[in-house]
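Novice: Supplied in C-alpha cells, the structure appears directly below.
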Amino acid sequence: MDELFLGLDCSTQGLTAIAIDFNAKKVTWKESINFDADLKSYGTKNGVYVSNNGKKVFSNPLMWIDAVDYLFAKLKSKNFPFNKILALSGSAQQHGTVYVNEKFEKVLASLNTNESMAEQLNDAFSREIAPVWMDSSTTMECSEIRKSLGGKKNAIKITGSDIFERFSAPQIKKFYIEEPSKYENTRTIHLVSSFLASIFIGKNAPIDHADGSGMNLMNIKTRKWDARAVKATAPNLLENLPPLCPSERILGKINPYFVKKYGFSPNTLVIAWSGDNPNSLIGIGLVKERHAAMSLGTSDTYFNYMKKLFYDFKGEGHVFVAPTGDYMSLICYKNGSLAREIVKNKFNLSWQEFSEILNTTAPGNNGNIMLPYFFPEIVPFVPNPKVYRFGFDEDDMESNVRGIIEAQFLSMKLHSKWIKEKPIKIMATGGASCNEAILQVAADIFQAIIYKFEITNSAALGASLRSAKSYYDQVKGTHAWFDYINKFMNEQDFSVIKPRKEFRKVYSKMLKKYEKFEKSVLYK
Ligand code: ADP
Ligand code: XUL
C-alpha cells in the first residue's frame, strides 16, 4: 500500500496541499487555493486587510480554517486518497498571532461534520482579527520591550532577533494596551502554525521551537519562554502561551472531524506545525552548511542552515531554531512579489514581457539605481514607504523593471553579509522562483549557482517531509535529516542558473554604489 504524507502551507495569499510518496521519492498531489479568488466573501486583497495608513495589516483566522474545509472538499471531489495519509504536518506564515477564548477547545473537541469548522468556531475568538507579518504598527511597543530587555544587543542575545514590529511580543503588547478587556478574555495566544495544528488535533497545540523563535518571547538558547521577555510584553502572558516543543514532535492522532468528513484514517498522525521559512529550509534540502536559499513569495526571504548559533548584532537579521534542531539565519523583505507586481502592472506587462525586458536590458541598468520601498520595509528599516530612482524616472519601463529586480538582490547581498558563510549554491523557491530571468539577475549579483526546483512551494513540501521523518523515526528508529533529504530531494526535478562571470565587476561596483545611495536616504 502507498505510504503517503501530507504537507499543508497556509501562506499569506493561499493554502496549498502537497502529498508525497516518500518511498517512491515522488510528489503525488499538489493542490492550491487562493484566498482572494476562492474565498471571496472575506474580501481580502492579497490575503490581508490593510489600514488606511498602511501600517496595520491583518487577516481573519476564520478564513484560514474555511480554507482548510474548502481545499479538502476540492481534494475530495478529485478522489484524493485521504485514507492513505500516514501523517501530516503544516506550515504557516510566521509571526501572526491568533487569540482564542475558552470555547475554542470545547468546540474543537466536538466538531460536527454537517457544518463547516468556521461556522462552529465563530464565537471561539477573543479577537476577531489576526495581525500578520506585514504589520508595522508596533514601533512604540518595540522600543518599550527593547528597553525593558536592556537594549538591542541584549534583546538579540535573548531572543535571537532585535524586537521587530511584526514579531508576536510587540503585537501582543499592543493588543493588551489597546483592547485590555479582549486581552482578559483570551485563553490562548497561538501562532498561525499552532492555531492550525490545534484544529487538526482537536485541542490547543504547542508552538514548535522554529516558529517560536519568531516571537521575541522564546529564549533562543534554552528554547523556553523567557521570563524577562514575557514580563516585558503583557501581564499574565505565560498562562496564555501554549507550551513549546521540538518541530519533530508527534502531537497525536487526527481530530475525528477529518476522519468522518473527508475519510482520513483515524490513525493519521499529526506532527507539530511550523513557520513557512523553517519548513522551506527542509523542503529545499538545506541541511548542509554553505547552502543558502532565497524564497521569492509575498515576502522575499534569504536564509541558510547554521550548525552553530551566531547573531546579527546590527539587528537586521534573525536567528531561528531550525526544524532539524540546529539553527537557521533569515532576513525578510516586505517589498517582494507585491512590489514586483506594482512595476509589472504599471506598465501592463505579463510576466513573460517583464522577463523579456530583463533578458534584453544591460546588467547594471546603465548606472541607474532604484531603492524600491513601495511598502514600509523591514530590511533596512524604512517605516514610511517611498521609491527612490537615481538616473531615471517612473515612466521609463526598462529601467524600472531592471531597477526593481537588481535592487532586491543587491539589497539581499548587502544585508546578508553578517551570515559569515558565503554560499556556493543558492536554492530558489516561492511563487516568483519559476521566473528564470529574475533568477539570472540573482545569480549574476551573488555570483553563485541558483537551483530552481519544479515545486515552487517548498514550505508545503517541507511539511510533508517533516511528517514522513517523524513517522518513520517512530516506526523504524531515528535517522539523520541528511539521509532523508538525500533520499528524496536528489530525485526532484530542478534546473540550474549559472552566474555569468563577465558581470561580476559590474555588480561589485554597483553594490558599493547601492550601499552609498541606501545610506544617503536612510540617514539623511
Ligand atoms: P505566498 O506563499 O507568500 O503566499 P507565493 O510563494 O505563492 O506566495 O508567491 C506568490 C507570488 O508569486 C505572486 O504574488 C506573484 O507576484 C508571484 N509570481 C507568480 N508567477 C510569477 C512569475 N512568472 N514571475 C514572477 N513572479 C511570479
Ligand atoms: C519571515 C516573514 C515572512 C512570513 C511570510 O520572518 O515575516 O517571510 O513568514 O511568509
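The values are calculated or read from the model by the stated rules, or taken from the named source; none is laboratory data. Everything numeric here is computed off the predicted structure, so don't read it as measured data. Here the Cβ positions follow ideal geometry from the backbone for every residue, glycine too, while neighbour counts run over all protein chains shown.
Novice: Quick one: how many residues across the range 4-51 are away from ligand 1 (no atom under 16 Å from the Cβ), touching a strand residue (DSSP E or B) at 6+ places or on another chain (Cβ under 7 Å) and not in a strand (DSSP E or B)?
Specialist: So the answer is 1.
Novice: Part of a loop (DSSP other than H, G, I, E, B) and either touching a residue at least 24 places away in the same chain (Cβ under 8 Å) or within 15 Å of ligand 1 (Cβ to nearest atom) (or both): does that describe residue 1?
Specialist: Considered against the rule, which asks whether it is part of a loop (DSSP other than H, G, I, E, B) and either touching a residue at least 24 places away in the same chain (Cβ under 8 Å) or within 15 Å of ligand 1 (Cβ to nearest atom) (or both), residue 1 comes out as yes.
Novice: Anything in the range 136-158 that is buried (at least 23 other Cβ atoms within 10 Å of the Cβ) and in contact with a Gly (Cβ under 9 Å, 6 or more places away or on another chain)? List them, or say none.
Specialist: Listed by number, the residues that qualify are 136, 155, 156.
Novice: Also, quick follow-up: List every residue pair whose Cβ atoms lie under 7 Å apart, where the two residues are 6 or more positions apart in sequence or sit on different chains, the first residue falls within the range 285-301 and is more than 19 Å from residue 374 (Cβ to Cβ), and the second residue, located anywhere, is more than 15 Å from ligand 2 (Cβ to nearest atom) and of a type in the set (Phe, Trp, Tyr).
Specialist: 286/305; 287/305; 287/481; 287/482; 288/305; 289/305; 291/305
Novice: Evaluate the range 58-71: report whether one residue or more is within 22 Å of the chain's Cα centre (by Cα) and part of a strand (DSSP E or B).
Specialist: Yes; the residues of the range 58-71 include at least one that is within 22 Å of the chain's Cα centre (by Cα) and part of a strand (DSSP E or B).
Novice: Just to verify a result, which residue in the range 225-260, among those that are closer than 29 Å to residue 475 by Cα, in a loop (DSSP other than H, G, I, E, B) and within 22 Å of the chain's Cα centre (by Cα), is nearest to ligand 1 (Cβ to nearest atom)?
Specialist: Result: 247.
Novice: Which numbered condition in (1) over 20 Å from residue 274 (Cα atoms); (2) not in a loop (DSSP other than H, G, I, E, B) is the only one that residue 150 fails?
Specialist: Residue 150 satisfies all of (1) over 20 Å from residue 274 (Cα atoms); (2) not in a loop (DSSP other than H, G, I, E, B) except (2).
Novice: Select the strands (runs of 3 or more DSSP E) contained entirely in the range 278-373, then report the ones holding at least 1 residues which are within 16 Å of ligand 2 (Cβ to nearest atom).
Specialist: Output list reads 291-296, 300-306, 318-321, 327-333.
Novice: Another question about this same structure. Based on this model, can you work out whether residue 80 counts as in contact with a strand residue (DSSP E or B) (Cβ under 9 Å, 6 or more places away or on another chain), modelled with pLDDT of 95 or more and not in a loop (DSSP other than H, G, I, E, B)?
Specialist: It is false that residue 80 is in contact with a strand residue (DSSP E or B) (Cβ under 9 Å, 6 or more places away or on another chain), modelled with pLDDT of 95 or more and not in a loop (DSSP other than H, G, I, E, B).
Novice: Condition first: away from ligand 1 (no atom under 16 Å from the Cβ), crowded, with 24+ Cβ neighbours inside 10 Å and among the hydrophobic types (A, V, I, L, M, F, W, C). Now tell me which residues in the range 88-116 satisfy that.
Specialist: Within the range 88-116, 88, 98, 100, 104 meet the criteria.
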